[in-house]
Amino acid sequence: MDAMHAGSARDGDSSPLIGGARQQQHQHQHPLQQQAAMEEAMGSHLLPFSLQEEPDTKARRPRLFFMVWVLGVALAALLLSLVVVLAWLTTAEARTIQYVCPENITDGDRFVFVIGDWGRANEPQRVAAQMMAQLAGCMKPEFIISTGDNFYPHGVDSADDAQWQDSFLDVYNSESIKDLTWYAVLGNHDYGDSLDMRVCSSGFDGQTLSGCSPGCCNSPMWQVPSVAAEHGSAMPPNWRLQQGAWQQDFPDLGLQVTFIDTTPLAWRADGRTVPVIGGAAEQDVEAQTAELKRLLSNDAAVKIVVGHHPVETYGEHCQPVDGFVPSHCPAMKEWLQPLLADHGVLAYLCGHEHDLQYIHNDGDPVHYVVSGAGSDVRYHEFDGIDTHGALTVDDQGFSALRFGAGGAVTLYMWGSRSAEPLLATQLTA
């Protein structure tokens with residue numbers, strides 16, 4: 001018996017499950033029978049490795065999942081940090097660029113700055129504001145035109161709304177621009193776009209500026225000086241805005257500017273409504289159209305019209321979605337394009353698209369200027385789009401009009417990433 005055990009040890013088999021008479025029986029079996037017998041004796045010890053879990057495998061699983069989760073969170077934080085750093089570097093670079101003024105500026109030249117879609121009180125807005133402030137040092141504007149969406153995300157909601165301070169006075173506070181008069185139009189966000197109706201639990205019906213319930217006070221009327229002043233508004237004294245169509249003459253520039261309210265028409269075309277106090281649904285589009293025609297029926301040397309929604313654009317708002325172009329895009333073109341051309345309007349200035357565009361089509365005397373890059377922009381929105389030679393820029397920036405000798409009008413555009421103007425072109429009828 002000792003000899004048998006010794007032989008077994010020499011063969012490398014020291015399993016306690018194999019020994020004695022059973023070992024002798026194996027010696028007289030066919031090799032395949034011996035293998036089957038050993039598998040039966042070994043049991044789970046011969047299972048594949050993947051099925052042989054160590055006793056503490058289940059205990060280790062929660063720790064493994066936790067480690068994977070921690071690694072994922074750390075990776076996400078790292079990626080977010082990289083995005084923040086890149087954004088900071090981009091804006092820091094914009095702040096250090098010395099923007100180049102137009103050449104041959106004379107004492108007789110007059111300038112007007114145009115900017116839109118700005119009211120966010122964020123770093124991109126400050127970048128665009130700093131650009132204006134710097135360039136105003138060599139081309140001091142007579143005033144500033146705002147093409148709408150003055151306060152995000154859904155306009156102003158009280159007489160002492162902090163946005164007047166945070167998004168306006170504290171941003172455009174450089175010496176070169178802080179005292180300039182602003183002539184503004186309303187945008188869709190000024191009309192309460194993106195407002196959650198649930199904040200007004202009692203409903204907007206019957207609400208008034210003087211007696212609105214908490215959460216129910218949003219209104220474009222808070223931006224109208226003549227209305228807001230009646231309610232003790234903290235609106236700055238250099239702000240000008242009206243609902244509907246209205247006009248301002250600038251004899252020293254040989255310029256007449258007509259301002260219009262495009263959201264009522266655009267939302268009617270799209271079948272949208274936001275029932276804020278004095279909202280778009282309460283405005284009379286036909287009455288505004290008649291007033292616009294009356295205001296433009298004159299022989300002013302240079303006529304410019306300002307609205308929020310574009311007539312011509314290659315931007316995101318008027319690109320097909322599931323094969324359909326938003327209804328307000330053809331509606332704006334049908335409403336304004338022939339009216340502008342028939343009344344000798346030189347240029348239509350607008351925003352809505354968060355970019356800079358200049359479009360002048362053959363057969364259309366009107367120059368279309370999109371200047372809606374006052375804060376956030378839509379990067380890469382023109383990728384893969386045929387813009388037919390139009391200037392399209394996805395960058396923070398603004399536009400400027402230069403009124404020179406003999407009634408010459410030149411359009412400039414600046415983006416934050418380029419010291420030189422992106423565009424310098426004379427606007428001719």
Can you tell me the dipole magnitude for the stretch 245-373 around its Cα centre, using point charges on the Cβ only (Lys, Arg +1; Asp, Glu -1), in Debye to the nearest 20? 140 debye
In percent, what relative contact order does the stretch 305-362 have, based on Cα pairs under 8 Å that are 6 or more apart in sequence? 56 percent
Could you tell me the center-to-center distance, by alpha carbons, between the stretch 238-274 and the stretch 373-399 in angstrom? 24 Å
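With charges only on Cβ, +1 for K and R and -1 for D and E, what is the dipole size of the stretch 110-427 about its Cα centre, in debye, rounded to 20? Intermediate results must be reported in sequence, preceding the final value.
Details: 16 positive and 41 negative charges, 129 e Å.
The calculation lands at about 620 debye.
In whole Å and largest first, what semi-axes does the C-alpha gyration tensor of the stretch 135-279 yield when each eigenvalue is scaled by 5 and square-rooted?
That gives 28, 18, 13 Å for the three semi-axes.
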Put +1 on the Cβ of each Lys and Arg and -1 on the Cβ of each Asp and Glu in the stretch 363-429; which of SER371, LEU422, THR410 then has its Cα farthest toward the positive end of the dipole? THR410
Row for the stretch 110-427, column shape: gyration tensor on C-alpha, a ≥ b ≥ c, rounded if a/c < 1.5 i.e. under 1.5, prolate if a/b over b/c, else oblate; value rounded
List nothing, just return the count: lysine pairs in the stretch 110-427, 8 or more apart or interchain, with Cα separation under 29 Å. 6
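Add +1 for every Lys or Arg and -1 for every Asp or Glu among the other residues with Cβ under 9 Å from the Cβ of SER233, and state the total. Display every interim value, and only then the final one.
Values: positive: none; negative: ASP160, ASP161, GLU230.
Value of the local net charge: -3.
Hey, can you rank 394-400, 379-385 by average C-beta count inside 10 Å, highest first?
Working: 394-400: 25.7, 379-385: 11.4.
Top to bottom by mean Cβ count within 10 Å: 394-400, 379-385.
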Report the gain in length on full extension from SER213 to GLU103: 0.36 nm times residue separation, minus Cα-Cα distance, nm rounded to one decimal. 34.1 nm
If you count, for each residue, the other Cβ atoms within 10 Å and average over each peptide, how do 182-192, 262-272 line up from highest to lowest? 182-192, 262-272
Pairwise FRET efficiency - ALA74 versus ASP342, Cβ, R0 = 60 Å, nearest 0.05: 0.40
For PHE259, distant residues with modelled amide H under 5 Å away: TRP246, GLN247, GLN248, VAL306
Got a number for carbon plus sulfur as a percent of the stretch 110-427's accessible area, 1.4 Å probe? 48 percent
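For the peptides 245-252, 69-76, what is the packing order when you average, over each peptide's residues, the other Cβ atoms within 10 Å and list the highest mean first? Walk me through the intermediate numbers first.
Working: 245-252: 15.1, 69-76: 10.0.
Those peptides, ordered most packed to least, come out 245-252, 69-76.
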In Å, the Kirkwood hydrodynamic radius of the stretch 205-288 over pairs of distinct alpha carbons? 14.6 Å
Report relative contact order for the stretch 110-427 in percent, whole number only (criteria: Cα-Cα under 8 Å, sequence separation at least 6). 20 percent
Spatial separation of Cα centroids for the stretch 190-209 and the stretch 408-429, in angstrom: 40 Å
Positive-end residue of CYS216, GLN319, GLN243, charge dipole of the stretch 110-427 with Cβ unit charges: GLN243
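How would SER371, SER233 rank on accessible area, largest to smallest, probe 1.4 Å?
Working: SER371 0, SER233 30 Å².
Per-residue accessible area, sorted high to low, gives SER233, SER371.
So what's the net charge close to ALA162: Lys and Arg +1, Asp and Glu -1, counting the other residues with Cβ under 15 Å from its Cβ?
Numbers: positive: ARG120; negative: ASP157, ASP160, ASP161, ASP166, ASP170.
So the environment of ALA162 carries a net charge of -4.
The values are calculated or read from the model by the stated rules, or taken from the named source; none is laboratory data. Please read all numbers here as calculations on a predicted model, not as lab measurements. Every residue, glycine among them, receives a Cβ derived from its backbone with ideal geometry; neighbour counts consider all protein chains shown. SASA here: full protein model, heavy atoms, side chains in, ligands and nucleic acids out. Shrake-Rupley method; radii C 1.70, N 1.55, O 1.52, S 1.80 Å.
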